[in-house]
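The block underneath contains the structure these notes are about, expressed in structure tokens.
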Amino acid sequence: MIGGLLVTLAVPKVGIYGPTFGILVAVTLTVVVQIPPLLKQGVRYEFAWDLRHAGLRQVARLLLPNAVAVGMGYASTIVDTRFTSYLPDAASLSALHNAELIQAFPGALMAQAIGKRYCPTWQLRPPAVVMCVCVKRR
């Protein structure tokens, strides 16, 4: 991204595409750098989609209410931003954003405190996210 920003500074016509292509180049280089050592170690990726797996169904069932709640939160933010953009004061959007941050702070603080108290193993290591990718060694 920094390279893209520097290109944007050197060639102002590039505009927002400079940082965008900078991110794409950075991600591509990250993948290219990681592939040779993985191949050298004999790591092989195998996609395993088992839609009948009981764990996957349980995760989907538990995820649905959270997905609806997050979707409603985003919809609320979009509606609030839409209404606020019609106000004559130029600082209305900034004020709305700051108000949302202040409103969310106590909940986030309590959630983190409760999470650290009742889930102490999450402090020691990040939770393992099991996706539909299995890594196997030859």
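Remarks
- DSSP loop chymotrypsin sites (Phe, Trp or Tyr not before Pro) with at most 11 other Cβ within 10 Å excluded, longest remaining stretch of the chain: 87-138
- Once percent of Cα pairs over 22 Å apart is calculated for the structure shown, the corresponding label among (i) 37; (ii) 72; (iii) 30 turns out to be (ii).
- Taking the Cα centre of the chain as reference, the dipole from Cβ charges on Lys and Arg (+1) and Asp and Glu (-1) amounts to some 900 debye.
- Label point at residue 7 placed 7 Å out along Cα→Cβ; residues across the range 27-59 whose backbone nitrogen lies under 12 Å: 27
- Förster radius 22 Å - calculated FRET efficiency between residue 87 and residue 108 (Cβ-Cβ, nearest 0.05): 0.20
The numbers here are math on the coordinates, done by the rules we state, and not lab data. If you're wondering where the values come from, they're calculated on a predicted model, not measured in any experiment. Virtual Cβ from ideal backbone geometry, glycine too; neighbours counted across all protein chains shown.
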